[in-house]
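Notes follow once the structure below has been shown.
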Amino acid sequence: MEQLHLDLGEKAYDIIFEQDFARLPDCLVAIQAPQKLLLVTDSTVDGLYGRAVLKMLRQNGYDTAGFVFPAGEAQKQMQTVLDICEACIAHQMDRNSMIIALGGGVAGDMAGFAAAIYMRGIRYVQVPTTLLSQSDSSVGGKTAIDFADGKNILGAFHQPKLVYINVSTLKTLPNREFISGMGEVIKHGIIRDASFFAYLEQNHDAIAALEPKTLISMAKTNCGIKAEVVMQDEFENGLRSILNFGHTIGHAVESYKGYTLSHGECVGLGMLAASWIARGRGLLPNADFTRILAVLSMYGFPMKTALNDKNRVLDLMQKDKKKAEGKLKFILPASIGTVIQTRDVTTAEILGALEFISLGGTV
């Protein structure tokens, strides 16, 4: 078993890396989990793992109810969160009860948000099954839902009591979803760790082949990068903002495309756009710009998408929750492993970046 510890004082927790679910009950005992649990998952994950995990928890003496919602980003809304809370009431859960989120980022976000507001906050555990959730959304305590055409507009900071990562679940992940998750992984290398970025360059074949030891090594390093940032800035008052590299444009593109592109694919496009702006400013060396493009291409990311109404994308960017005093915050790479934060990116630069990632666009 591999693990990482997030030292957040009273909110500290461990991230466990395994190749199956066998140790999950023991890990729940270690955090003194209550007997009454609610397992939240989606309709896809339920058939793959949900029923088996529910049975395992019950066999280990946990009074566990299940809540299954239809799979998809469209369910990431307040009604689903309220439905989870109603399931808590139906299962007679009190403030000592616990929610377990089993699935991707949508399940984790909604289960975490429900845990944050049910009876003013109960404990929850993240059991992420997608690469996107294992590499990013399950770590750090951000929970949110989409609202009014905006991504993650309503939410709360609510740290889990445990994150249990079973890398074998990636074997049932569609290739497109695996690519999506690699967006956050590659992002962490660009913003914070040049050696990790090089590791991703050099170990593509083993990662793509889902070699378990390689996946655990990648996951532990990746989560370690995010954990180190979160431990310094839990509530995103400064440093943690660098984790939004690629998201300022990426979230707007995701909304513009009606969520037909995955979150990770849009983050990839956002990273391309931000890197283009940085290179244009003379901030990012051309050699590093070329490496970023090459790695994203190597892992199968779409390098362009149709953006026929770029002004609409600009309008959607104005709903970005990171906007302050009328100005958008951009994270721009200065090199692979180093980024800066700025609020002086111009409309012309944004439009140029959107043209760069548009079908038919030019460098």
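Taking the listed residues C223, C266, the one that is of a type in the set (A, V, I, L, M, F, W, C) and more than 22 Å from T342 (Cβ to Cβ) is C223, with no other qualifying. Screening the range 253-264 for residues that are open to solvent by less than 10 Å² (accessible area, probe 1.4 Å) and modelled with pLDDT under 95 and picking the one that is farthest from F147 (Cα to Cα) gives G264. Taken over the range 113-168, the criterion of being part of a loop (DSSP other than H, G, I, E, B) and among the polar types (S, T, N, Q) is satisfied by T129, T130, S138, Q159.
Evaluate the following for A206: is it open to solvent by 10 Å² or more (accessible area, probe 1.4 Å), among the aliphatic types (A, V, I, L, M) and touching a residue at least 60 places away in the same chain (Cβ under 8 Å)? Considered against the rule, which asks whether it is open to solvent by 10 Å² or more (accessible area, probe 1.4 Å), among the aliphatic types (A, V, I, L, M) and touching a residue at least 60 places away in the same chain (Cβ under 8 Å), A206 comes out as no.
Is it true that N96 is under 20 Å from E254 (Cβ atoms) and either of a type in the set (S, T, Y) or open to solvent by 20 Å² or more (accessible area, probe 1.4 Å) (or both)? Taking the combined requirement at face value, the residue does not satisfy it.
For the range 113-131, filtered to residues that are open to solvent by 20 Å² or more (accessible area, probe 1.4 Å) and touching a Cys at 6+ places or on another chain (Cβ under 9 Å), the residue that is nearest to T143 (Cα to Cα) is I117. With respect to the conditions (1) at pLDDT 95 or above; (2) open to solvent by 30 Å² or more (accessible area, probe 1.4 Å), Q159 lacks only one, and its number is (2). Here the range 2-34 is the region considered, the condition is being part of a loop (DSSP other than H, G, I, E, B) and more than 23 Å from the chain's Cα centre (by Cα), and the residue that is farthest from S217 (Cα to Cα) is P34.
The criterion of being in contact with a Ser or Thr (Cβ under 9 Å, 6 or more places away or on another chain), open to solvent by less than 40 Å² (accessible area, probe 1.4 Å) and either farther than 25 Å from K151 by Cβ or in a helix (DSSP H, G or I) (or both) holds for V45.
The number of residues in the range 79-91 that are farther than 15 Å from R123 by Cα and touching a strand residue (DSSP E or B) at 6+ places or on another chain (Cβ under 8 Å) comes to 6.
Please indicate, with yes or no, whether at least one residue in the range 99-110 is open to solvent by less than 10 Å² (accessible area, probe 1.4 Å), in a loop (DSSP other than H, G, I, E, B), of a type in the set (A, V, I, L, M, F, W, C) and in contact (Cβ under 8 Å) with a residue 60 or more places away in the chain. Among the residues of the range 99-110, not one is open to solvent by less than 10 Å² (accessible area, probe 1.4 Å), in a loop (DSSP other than H, G, I, E, B), of a type in the set (A, V, I, L, M, F, W, C) and in contact (Cβ under 8 Å) with a residue 60 or more places away in the chain, which makes the answer no. With respect to (1) in contact with a strand residue (DSSP E or B) (Cβ under 7 Å, 6 or more places away or on another chain); (2) under 19 Å from K161 (Cα atoms); (3) buried (at least 22 other Cβ atoms within 10 Å of the Cβ), the lone exception for C27 is condition (3). Take V53 and tell me if it is of a type outside the set (S, T, Y) and touching a Leu at 6+ places or on another chain (Cβ under 9 Å). So V53 fits the description; yes. If I filter the range 50-81 down to residues being touching a Gly at 6+ places or on another chain (Cβ under 7 Å) and in a helix (DSSP H, G or I), which single residue comes out as nearest to T260 (Cα to Cα)? Among residues in the range 50-81 that are touching a Gly at 6+ places or on another chain (Cβ under 7 Å) and in a helix (DSSP H, G or I), the one nearest to T260 (Cα to Cα) is G50.
The values are calculated or read from the model by the stated rules, or taken from the named source; none is laboratory data. None of the values given here were measured: they were computed from a predicted structure. Every residue, glycine among them, receives a Cβ derived from its backbone with ideal geometry; neighbour counts consider all protein chains shown. Note: accessible area is taken over every heavy atom of the protein model, side chains too, but ligands, DNA and RNA are not part of it. Shrake-Rupley method; radii C 1.70, N 1.55, O 1.52, S 1.80 Å.
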